[in-house]
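Below is one structure, written out as structure tokens, with a few remarks after it.
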Amino acid sequence: MGGNLCKWTISYFAAALAWLIAAEVLMVAGFGFPSADIAAPDTLVLVHMICLGWLSMAMCGALFQFVPVLVSRPLHAEGWILPAFVLLSAGLIALLAGFLALGGRMPPWLWLLPFGATLLIAGFALVAANLGLTLWQSRPLPASARFVALGLLAVCATMAFGGIFALALFEPAPGSLVSSVLASAVPIHAIAGLAGWLTVTAIGVSYRLLSMFMLAPDVDAGKSRLVWLFSAFMLGAAVIGGAVAVLVGQGLDLALMLSAACGLATLACYARDVAELYRKRKRRKLELNTRMVVWSFASLGAAVALGAVLAITGSLAAHVGALVFLIVFGWLSGLILANLYKIVPFLTWLETYGPVMGKAPTPRVHDLVAERRATKWFVMFFAASWAATALLMLGQPLGFRIAIAVIVVATFGILQELIRARRLTDVAAPLRLPAGALAPRLLITRT
Ligand code: HEM
């Protein structure tokens, strides 16, 4: 990963964590689902704080750092990262304000919805163009980078649907195409975002990160290509099939069933590849991040099983909130937090000690963290996420809020561990700052 450190990756992570904590605190206060309906404006505020503010910002930050590593070529335009950050943050704030206006918590300034959507679309266009051009210039793409390319297509689809929804809510026109898209295409928007953009990209990046962090040989290209093909079909069935169904005025059932079948095949093949990576690893003793990633995989497996049971018993509509919660917290948030616990110390180590390597004694990456102390926060996070899912299923809103309060404590705990790593607090004093090394700044990487 060497000298190519991205200046803004840590800033994206910091903003992402701030959005996560803000959303969690609102949930503890009883804002949005389950106290409000799943499609209520308050719930949309929460959903987008988490999906855009937390998960998407963290993913963008990680991709700016890792795409150049995946394709061994510098990012197309480092200078576009900060403007994208500003557009995404301003767009999200405007969109959330628009949802609050929609719910009557603010004056009825519904123009905020298309305004926020436009800023968000511009921000993601900058992100997708930057990463997409980097990938385009690196063809033929290595396996993991192809997943990122697919994820970028998915985020474009998510944004396109989101933009249409925002227009339809701003100027309702019953019977028009935009209104029928709003009435029927929300599942396509959610699948493109959660499964296409976030999960497919996470799968691609994890192939590389797991083999890098566990010193395991890369998975055979043919095997990961199969996973890629199934994910492409999953996305195609949901987005293209779903859009055609909406245009011809048909229900989404067929498209969603096809998409779910391809999604299952994707995850089955991916699970086989991940098991192989763990089995063939040379680093026998797992570090905390790779142990916790297993817990996020377990959450994904549990979500698949839960989704199947709910679909077979015809109770998916009644419990879709609990299912999405498990995917968003147990799987995606758990996975990202576990990886941040490795990536932040790793980047901090490169930033601080890279320039003096070979000139002075330096600590190991592992010396920047205290795994024993951090373990409890991750255990709390996952246990409370699973408990919160169960409490949602059981219809216990108060119990759910208590579980989220535990998640808040756990998130603060993990945040504090990341800040300690940035500040080199756990590095023994004699090694902390060798001559010539500069202490890292908290929010911006020195490049
Ligand atoms: C330009 C950016 C976006 C805009 C303008 C937008 C807008 C919207 C709107 C207006 C709805 C509600 C539709 C309705 O009235 O039922 C919605 C629902 C939803 N969006 Fe987005 N969205 C955006 C990006 C995203 C992203 C990136 C994700 C996920 C990664 C996402 C996930 C969801 C989910 C899961 C729902 C369903 C929520 C529920 O029914 O409670 N959105 N979005």
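What follows draws every value from the coordinates through simple rules; no lab data is involved. This is a predicted model, so every value here is computed, not measured. As a convention, Cβ positions derive from the backbone with ideal geometry for all residues, glycine included, and neighbour counts pool all protein chains shown.
This ranking places Thr199, Thr9, Thr445 by how few other beta-carbon atoms lie within 10 Å of each, fewest first, which gives Thr445, Thr9, Thr199. Cross-link pairs exceeding 25 Å between alpha carbons, from the set Lys7/Lys376; Lys223/Lys376; Lys282/Lys342; Lys285/Lys376; Lys285/Lys342: Lys7/Lys376; Lys223/Lys376. Relative to the current alpha-carbon distance between Leu443 and Glu78, full extension at 0.36 nm per residue lengthens the span by 129.7 nm.
When only Cα pairs under 8 Å and 6 or more residues apart are kept, what is the percent relative contact order across segment 1-139?
The value is 26 percent.
Projecting label points 7 angstrom from Cα along Cα→Cβ for Val86 and Met212 puts them 3.0 nm apart.
Taking the charge dipole of the chain about its Cα centre, with +1 at Lys and Arg Cβ atoms and -1 at Asp and Glu Cβ atoms, the residue from Ser138, Trp349, Gly116 reaching farthest to the positive side is Trp349.
Treating each Cα of segment 1-139 as an identical point scatterer and summing with the Debye formula, the log10 of I(q)/I(0) at q = 0.15 Å⁻¹ comes to -0.75.
Over the chain, Cα pairs under 8 Å with separation of 6+ residues give a relative contact order of 16 percent.
Normalised by the number of residues in segment 98-165, the average gap of Cα pairs under 8 Å and 6 or more apart makes the relative contact order 33 percent.
When Lys342, Lys282, Lys376 are arranged by Cβ crowding within 10 Å, least crowded first, meaning fewest neighbours, the order is Lys282, Lys376, Lys342. For the peptides 147-157, 307-317, 205-215, the ranking by packing is 147-157, 205-215, 307-317, with the highest mean count of neighbouring Cβ atoms within 10 Å listed first. Efficiency by 1/(1 + (r/R0)^6): what FRET value for Met257 and Leu26, r their Cβ-Cβ distance, R0 = 41 Å, to the nearest 0.05? That pair, Met257 with Leu26, gives E of 0.75. A simple count of charges around Asp426, restricted to other residues whose Cβ falls under 15 Å of its Cβ and scoring Lys, Arg +1 and Asp, Glu -1, yields +4. What full-extension length gain, to one decimal in nm, is calculated for Arg291 and Ala40 as 0.36 nm per residue of separation minus the Cα-Cα distance? In short, 86.7 nm is gained.
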